[in-house]
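Structure first, then comments.
None of the figures in this text is laboratory data; all of them are computed from the coordinates on show. Being a predicted model, the structure only gives us computed values, none of them experimental. Glycine also receives a Cβ, built like all others from the backbone with ideal geometry; neighbour counts cover every protein chain displayed.
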Amino acid sequence: MMSCVDNSLHQAANSTFEELGFMLPDRELSPRQSEAAVDAEVSVVFRGPFEGYLVLRMYGGTLGVVAMNMLGESEAPAPALQRDALGELANVICGNLLPAIAGSHEIFRLDSPQPGTPDPAAAPAGSTLVSTACIGLDDGRAELALYATEAISPTGGPA
Amino acid sequence: MAFNVLVVDDSAVMRAMVIRTLRLSGLPLGEVYQAGNGAEGLEMLDQNWVDLALLDINMPVMDGETMVDRIRENPATRDLSIVIVSTESSDTRIERLRAKGAAFVHKPFPPETLREVVLQMTGVSDDELCGQLAAPGGELDF
């Protein structure tokens, strides 16, 4: 059974891919989606009532499709724009996820998205994996991993 | 009347999405300026006449809220129409921004939501837009 945090992560990701990326997430992965190769990875460090980072990886050429949809173009944009799109997706997912966990009265500060996982010097020390999500998109998928410096209770918020 | 617009966001893709939505909204656009952070945005305002600014909050160098403060402190830009386009969900922060005269659109946004807020801030009505579109030479002039 999914925890509250898992639900929040799925909901934030699904709504972002639908409303920003104009893609309908699949509930379950097909073999093709499961076996797709990675396109790119980005992370967003956040600070506030609790600290941590969110990692977003996209697979199977999905990043090119999402970026194309976001820009309203008929072909996949240049790699630099695709990376920018990936960063913005992670930024929006993170920005919607954190108040869903901590409550709308809390204020978080999000760093600019960075390629890959955070530099150890930049990442909040002691961050551990809290929640993951895997969403089927087109011929590929998106994988998300939330890391935080303190335990988040299954119902959300710092433990 | 054409509106000069400034879009401030550290994501070039998001700036492009906002500008595309503005163009599709039917709002008569003049010059469209872009900036990657609040400091660059203020430089743009120093150099150009702008009628409407759309700002993100979380940006490097200078964030959107600080930029709003600087805009309101400057007599030349004090009355600028501002729309915040952000993932910000803190009630405290949103109310603070609204108290500074900014409208707020939450990311991710349906295009029609941004359109509605922009039309409210600029005072352009749908009737006026339809009138412009249907005028001789307008898009609906067959």
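Details
- Using distinct alpha-carbon pairs, which all enter the 1/r mean, Kirkwood radius of region A:19-158 in Å: 15.5
- Per residue of B:104-110, other chain Cβ atoms within 10 Å of the residue Cβ number 4 on average.
- Relative contact order %, chain A, counting alpha carbon pairs below 8 Å whose residues are six or more apart: 36
- Charge sum, other residues only, whose C-beta stays under 12 Å from A:V55's C-beta, Lys/Arg counted +1 and Asp/Glu -1: -1
- Working from Cα pairs under 8 Å separated by at least six residues, relative contact order for chain B is 21 percent.
- Percent RCO, i.e. relative contact order, over region B:55-111, from Cα pairs under 8 Å lying at least 6 residues apart: 34
- GluC sites (Glu not before Pro) restricted to region A:37-104 and DSSP loop, no more than 11 other C-beta within 10 Å: A:E75
- Surrounding net charge for A:R27, when Lys and Arg each add one and Asp and Glu each subtract one, Cβ distance under 15 Å: -4
- FRET E, pair B:M1, B:R98, Förster distance 22 Å, beta-carbon r, rounded to 0.05: 0.30
- Using only Cα coordinates, the Kirkwood hydrodynamic radius of the protein assembly as shown works out to 20.1 Å.
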